[in-house]
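See below for the structure under consideration.
The values are calculated or read from the model by the stated rules, or taken from the named source; none is laboratory data. In this text the structure is predicted, and so the values were computed from the model without any measurement. In this analysis, Cβ positions are derived from the backbone assuming ideal geometry, glycine residues included, and neighbour counts consider all displayed protein chains. Note: accessible area is taken over every heavy atom of the protein model, side chains too, but ligands, DNA and RNA are not part of it. Shrake-Rupley method; radii C 1.70, N 1.55, O 1.52, S 1.80 Å.
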Amino acid sequence: MIDLKDKVVLITGAGKGAGRALAQAFAERGAFVAANDISPNNVDEVVSEIIAHGGKARAYIEDIAKKVGAQALVKTVEDELGGIDILVNHAAVEPHSSLLNMDEWDWHRTLDVNLTGAFLMIQSVGRVMRAKGQGAILNIVAGAGEGSKKEAGAYLSSKAGLVELSRQADQELSPHGIRVYAIENSVDIVKDVMSTLEAK
């Protein structure tokens with residue numbers, strides 16, 4: 001098991017799904033989890049569970065799809081926890097509507113959260129990591145089994161964009177000691193993320 005003692009791990013969309021599982025897994029390995037979500041409902045519960053099991057975590061409520069929210073989140077975590085060692089971009093929305101019937105607002109919100117939000121976080125956290133000379137950014141993208149989902153055009157388009165964004169970001173940031181990875185969402189997400197960090 002990889003030792004992440006005292007590493008600061010910022011996870012967006014940590015209130016449910018893979019984000020929640022990763023928050024618990026990182027805490028079990030000794031990391032301090034900065035758990036972000038747009039709503040306190042689920043994320044407060046995750047943080048309470050981690051603390052109850054002897055882990056370290058704190059909740060941060062911000063909308064990372066907006067530049068002001070993303071920058072405020074990163075600055076607050078940096079001020080309170082002293083930096084960010086690992087960023088996990090998990091926040092995502094997944095409207096279930098056909099492309100012919102989809103409201104324009106749903107399309108934009110999907111791209112804003114799933115792709116623009118990841119970009120804003122990569123940019124803000126990347127600057128923090130560049131000053132430190134090291135870091136890891138993991139972007140959670142659609143898993144192989146999600147490609148056949150019906151009425152998920154906006155979601156899958158945004159996640160496909162995130163794959164290419166990850167590739168480009170890695171090229172630009174790796175000279176600064178920062179690696180960027182696209183990790184497929186699956187039942188093995190915790191194992192895959194930890195394996196990726198161990199290989200790093």
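Screening the candidates Ala92, Ala25, Ala21 for the property of being assigned to a loop (DSSP other than H, G, I, E, B), of a type in the set (A, V, I, L, M, F, W, C) and either in contact (Cβ under 8 Å) with a residue 24 or more places away in the chain or crowded, with 21+ Cβ neighbours inside 10 Å (or both) yields one hit, Ala92.
As a summary of the residue check, Leu73 satisfies the conditions (1) open to solvent by less than 20 Å² (accessible area, probe 1.4 Å); (2) among the hydrophobic types (A, V, I, L, M, F, W, C); (3) closer than 15 Å to Val33 by Cβ; (4) out of contact with any Asp or Glu (no Cβ under 8 Å at 6 or more places or on another chain) except for the one numbered (4).
In the set Ala169, Ala152, only one residue is at pLDDT below 95 and open to solvent by less than 50 Å² (accessible area, probe 1.4 Å); that residue is Ala152. When Val193 is tested against (1) more than 27 Å from Met1 (Cα to Cα); (2) open to solvent by less than 10 Å² (accessible area, probe 1.4 Å), exactly one condition is not met: (1).
Of Asp85, Asp103, Asp79, all but one fail to be open to solvent by 20 Å² or more (accessible area, probe 1.4 Å), farther than 26 Å from Ala31 by Cβ and among the charged types (D, E, K, R); the exception is Asp103. Among the residues of the range 41-70, just one is open to solvent by 70 Å² or more (accessible area, probe 1.4 Å), in contact with a strand residue (DSSP E or B) (Cβ under 6 Å, 6 or more places away or on another chain) and farther than 18 Å from Leu4 by Cα, namely Asp44. The condition (being of a type outside the set (Gly, Ala, Ser), assigned to a helix (DSSP H, G or I) and within 24 Å of Glu104 (Cα to Cα)) is satisfied by just one residue among Lys159, Lys149, Lys191: Lys159. Scanning the range 28-40 for residues that are part of a loop (DSSP other than H, G, I, E, B) and of a type outside the set (Gly, Ala, Ser), we see that the one that is surrounded by the most Cβ atoms within 10 Å (Cβ to Cβ) is Ile38.
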